[in-house]
Structures are given as C-alpha cells and as structure tokens.
Amino acid sequence: MNIDMHGHVVVPEILRSEAHPESWRPVITREPNGWQVVSNDRFRNGPIPKEILEWPKIIENLDATKVDIMAVCPAPFLFFYYLDGPVGLEACQIQNDAIASAAAQYPDRLVGLGIVPLQDTGLAIKELERIGGDLQFPGIEIRSNVNGAYLGEGQFRPFWEAVEALDLFVFVHPDQPIIGHEKLTEYYLINLVGNPIETTRSIADVVFGGVLEAFPKLKLCFAHAGGTVPFIRGRFEHGYNVRPEPKVKISRPPSEYIKLLYFDTITHWEPALEFLVDTVGADKIVVGSDYPFDMGPAEPVRFVEGTPGISEADKKKILGETAAKLLKLKL
C-alpha cells in the first residue's frame with residue numbers, strides 16, 4: 001500500500017461565487033494548456049500543472065503515479081491565517097467539511113487532514129476538537145509560521161496540549177518565508193532557498209523552544225525532508241554542547257527531540273534520500289508528492305522504489321507502513 005502524505009486541493013465549496021462574493025475567497029482560472037491559477041485579493045499562485053479542483057481527475061493522477069492513498073489538505077495559501085479569527089474559522093470549516101465529504105466518497109483513496117485558524121488559538125482548539133471528533137480526521141496540516149510567529153512561541157502551548165491530548169498527527173508545511181525574504185526575489189529563490197530555510201527555522205523553534213520537551217508524544221512531520229535540518233543536525237548538537245543559549249528552554253541535546261520528528265521524501269535526489277534514511281531512520285520517513293505543484297516529484301513512489309541505497313524493508317516502511325500508523329489506517 002503506497003501512501004502519499006503530502007497532497008493539496010482547492011475544494012469547489014471555497015471558491016468565490018455570486019452567492020459567496022467575499023474577496024478573500026479564491027477564484028480559479030485555466031490557461032489554454034489546462035494549467036490552473038488560484039488567486040484572490042491577497043495572493044496569486046500558479047500556474048499549477050496537475051488538477052487541483054476536480055476529485056475524479058485527482059484520483060486519476062493517483063492511479064497513474066502508483067499512489068493508493070493520499071492524505072489531502074488545502075494548499076498552505078488557503079489556510080487564511082491573515083483573516084480575523086471568526087472568518088478564518090469559517091474558511092477552515094468550509095474546506096474541512098468538503099474534504100470530509102470527498103474522503104467519504106473515496107474512502108479507499110483519500111484521507112483528510114484538517115486545517116485550523118491558528119491566528120486565534122482558542123478557535124483553533126475548537127476546530128481541532130471537531131476535526132478529531134465529528135470529522136474523524138487522523139491529523140491536521142499547519143504552516144511553519146503564523147503571521148510571523150513560530151511554533152515554539154508561548155501563545156501556541158494550549159494548542160499543542162490539545163493536539164497531544166487528541167492524539168492527532170501534524171504535517172508542517174513552509175509558506176511565506178521570513179528569513180532573507182527581500183533577498184530571495186530572483187530566480188525563484190523564494191521557493192528554492194526560502195522554503196528549506198523556513199522549514200529549518202520552524203524545526204529549530206519546535207526543538208529549542210521546548211515544544212517537544214513539554215509534549216513528547218506529538219507526531220510532527222515536516223515537509224521537504226526537513227529543509228536543512230538532517231544535514232546540520234550535528235551543528236545543532238555541537239552548539240548545545242558549547243553554548244548556553246541553546247539550553248535556555250530544553251534540558252536534553254537537540255538530537256533527542258529531532259529523533260521524535262518525521263520527514264517526507266521530497267529531496268529531488270536519490271543520494272539525499274539515502275542520507276535522510278541514514279540520518280533519521282526509514283521509520284521516520286513518509287512519501288511526499290506536494291501534489292499538484294511543479295516543485296514536487298512527478299513520480300513520488302517510483303522515486304523511492306528507484307533509490308538504490310535503501311533496502312527493500314526500509315522502502316516498505318517509507319512507502320506506506322509508517323504513514324499507515326500515523327493515519328491510523330488498518331491495512
């Protein structure tokens with residue numbers, strides 16, 4: 001069973017219409033080649049090469065890429081953290097309900113991951129409880145920062161407490177990189193460089209900010225193979241050993257917390273995936289496609305299958321066994 005833990009959609013229910021003319025709602029335009037552009041009064045994203053809107057076509061892509069099940073969530077630009085809390089909650093609920101409906105229509109192919117209005121911690125917890133209760137989702141997806149606030153900040157402690165109590169899986173996706181943003185405007189560096197740095201900064205905040213010390217049962221997975229963290233893990237460790245600053249909020253070396261994390265396979269290079277397996281272990285890695293965006297691998301399953309330095313037993317863990325546990329699937 002091949003499981004893609006990193007897929008995105010735009011649900012039709014969230015689109016702007018005569019009945020729902022709010023300017024925050026997105027519209028989708030299609031180019032002559034079929035690619036899509038998603039935009040509203042604040043962002044424009046695209047062109048997107050694969051189908052992001054129509055469920056039957058999304059299922060067709062799963063078939064073509066050997067994906068049996070996809071964990072699906074709105075794209076990060078549709079989390080709407082910039083809206084006022086109540087409006088943000090409405091936007092989340094519309095999308096969560098639509099994904100729940102699609103997962104019920106395709107129960108053998110789709111698993112829903114919910115979203116919450118993290119700009120308002122109280123409302124986020126309220127929707128989190130509905131996600132884990134009424135909707136019966138196994139997890140959620142959140143962004144790497146919330147309007148500039150990283151995930152280790154004190155305002156999110158009640159949220160993390162609720163996540164751990166509900167035993168929900170959390171997928172963390174970078175968006176709107178903060179560090180060096182003004183220097184990343186050329187050559188698509190906002191994605192090529194900015195997103196890995198953003199993921200690294202977010203993991204550092206979770207580790208050094210004491211989130212995993214306070215809530216060690218959290219199941220957090222970071223997109224794009226964890227940014228640069230697997231490579232600079234030793235630097236984190238060395239800094240902890242020789243400097244006082246990294247010890248302010250944690251009592252153990254950073255490696256003790258990093259080993260609790262999960263990562264997807266989006267490395268774009270077989271030796272990098274082999275290094276990731278050697279560094280964190282195959283049981284901490286899940287398949288990611290970043291569907292339907294062009295910065296994801298076109299063939300995420302075949303990428304893992306074709307990586308020579310990974311054993312067949314480890315490939316099975318990566319392709320589905322670990323994901324099935326995180327999504328609470330009975331295979």
Of the criteria (1) of a type in the set (Gly, Ala, Ser); (2) more than 22 Å from LEU168 (Cβ to Cβ); (3) at pLDDT 95 or above, which one ALA71 fails: (2)
Strands (runs of 3 or more DSSP E) within the stretch 1-109 that include 1 or more residues in contact (Cβ under 8 Å) with a residue 60 or more places away in the chain and among the small types (Gly, Ala, Ser): 3-9, 69-74
Top-ranked residue in the stretch 110-131 [being assigned to a loop (DSSP other than H, G, I, E, B) and not polar (S, T, N, Q); ranked as farthest from the chain's Cα centre (by Cα)]: ASP120
Wholly enclosed helices (runs of 4 or more DSSP H) of the stretch 185-261 bearing at least 1 residues surrounded by 18 or more Cβ atoms within 10 Å (Cβ to Cβ), under 22 Å from the mean Cα position of the chain (by Cα) and not charged (D, E, K, R): 194-208, 211-214, 229-242, 255-258
Filter result for THR199 (closer than 21 Å to ASP294 by Cα and modelled with pLDDT of 95 or more): yes
Failed item, numbered, when ASP134 is tested on (1) more than 19 Å from LEU78 (Cα to Cα); (2) in contact (Cβ under 8 Å) with a residue 12 or more places away in the chain; (3) in a loop (DSSP other than H, G, I, E, B): (2)
Filtered residues of the stretch 137-163 (kept if in a helix (DSSP H, G or I) and in contact (Cβ under 8 Å) with a residue 12 or more places away in the chain): GLN155, PHE156, ARG157, PRO158, PHE159, TRP160, GLU161, ALA162, VAL163
Selection count, the stretch 98-124, where residues are in contact with a helix residue (DSSP H, G or I) (Cβ under 9 Å, 6 or more places away or on another chain) and surrounded by fewer than 17 Cβ atoms within 10 Å (Cβ to Cβ): 3
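The values are calculated or read from the model by the stated rules, or taken from the named source; none is laboratory data. Since the structure is predicted, the reported quantities are computational estimates derived from the model, not experimental observations. So basically every Cβ, Gly included, is an ideal-geometry build from the backbone, and we count neighbours across all protein chains shown.
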